[in-house]
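The values are calculated or read from the model by the stated rules, or taken from the named source; none is laboratory data. In this text, all values refer to a predicted model and were calculated from it rather than measured experimentally. Cβ coordinates were reconstructed from backbone atoms using ideal geometry, including for glycine residues, and neighbour counts include every protein chain displayed. Quick note on the areas: whole protein, heavy atoms, side chains included, nothing else; ligands and nucleic acids left out. Shrake-Rupley method; radii C 1.70, N 1.55, O 1.52, S 1.80 Å.
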Amino acid sequence: MATIFQKIISREIPAEIIFEDDTCISIKDIEPQAPFHALIIPKKLIARVGEVDDEDEQILGHLLLTAKKIAQEQNLDQGFRIVINNGSDGGETVPHLHVHLLGGRKLTWPPG
Ligand code: AMP
């Protein structure tokens with residue numbers, strides 16, 4: 001069964017797409033936790049960081065580079081946070097790897 005993010009990639013369900021290339025798509029999070037909250041999602045279905053293969057190295061790097069470029073485009077000059085939740089204790093709710101990019105307010109630490 002396709003993940004919700006695969007359905008967004010295939011345009012089966014709508015999303016606010018802010019970036020797309022051959023490797024990934026970036027969308028606004030439907031439940032933003034900061035003034036700016038986007039997800040960067042690989043088009044290849046990788047469930048989570050805990051299940052990546054060595055061959056995914058380029059994809060993983062691409063996700064972070066894309067996050068940095070979006071942060072620049074969004075003028076997150078005061079800083080931003082990148083989060084990847086892994087597994088149930090990590091807060092993962094969608095089993096399709098995604099990088100959260102959050103910014104636009106002072107974020108607290110540690111996370112809950
Ligand atoms: P995680 O809890 O790390 O797995 O993150 C999943 C994220 O996907 C959450 O922040 C959700 O708000 C977000 N999300 C779930 N469904 C959608 C959707 N249809 N469009 C945009 N974001 C979504």
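Summary table below
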item	result
Accessible surface ranking that places the most exposed of SER88, SER10 first, with a 1.4 angstrom probe	SER88, SER10
Carbon plus sulfur fraction of accessible area for the chain, probe 1.4 Å, in percent	51 percent
Whole-number D in µm²/s for the chain (Stokes-Einstein; Kirkwood sum over Cα pairs; 37 °C, 0.692 mPa s)	228 µm²/s
Exposure of ILE41 as accessible area (Å², to 10), given a probe of 1.4 Å and all protein chains	0 Å²
Gain upon complete extension [GLU16, ILE82; 0.36 nm per residue less C-alpha separation]	21.8 nm
Distance between modelled label sites at THR23 and GLN6, nm, 7 Å Cα→Cβ extension	2.2 nm
Phi to ³J(HN,Hα) by Karplus 6.51 cos²θ - 1.76 cosθ + 1.60 over the stretch 35-52, Hz, x for Gly, Pro	x, 10, 8, 10, 10, 10, 10, x, 5, 5, 6, 10, 5, 6, 4, x, 10, 6
Computed lengthening from LEU107 to LEU60, 0.36 nm per intervening residue step minus Cα-Cα distance	14.5 nm
Added length on full extension, which subtracts the Cα-Cα distance from 0.36 nm per residue, GLU51 to GLN74	5.2 nm
For ASP53, solvent-accessible area (1.4 Å; no DNA, RNA or ligand), Å²	90 Å²
Phi-based couplings in Hz for the stretch 92-103 (Karplus 6.51, -1.76, 1.60; Gly and Pro marked x)	6, 10, 10, x, 8, 2, 8, 9, 7, 10, 10, x
Solvent exposure ordering (accessible area, 1.4 Å, most first) of PHE5, PHE80, PHE19	PHE80, PHE19, PHE5
Pairs beyond 28 Å (Cα-Cα), from LYS7/LYS68; LYS44/LYS106; LYS7/LYS106	LYS44/LYS106; LYS7/LYS106
Cβ charges +1 (Lys, Arg) and -1 (Asp, Glu), total dipole of the chain, debye	480 debye
Long-range tail of P(r) for the stretch 1-43 (Cα pairs > 16 Å, %)	31 percent
Using θ = phi - 60° and Karplus 6.51 cos²θ - 1.76 cosθ + 1.60, couplings along the stretch 73-89 (whole Hz; Gly, Pro as x)	4, 8, 6, 7, 5, 7, x, 7, 10, 10, 10, 10, 7, 10, x, 5, 5
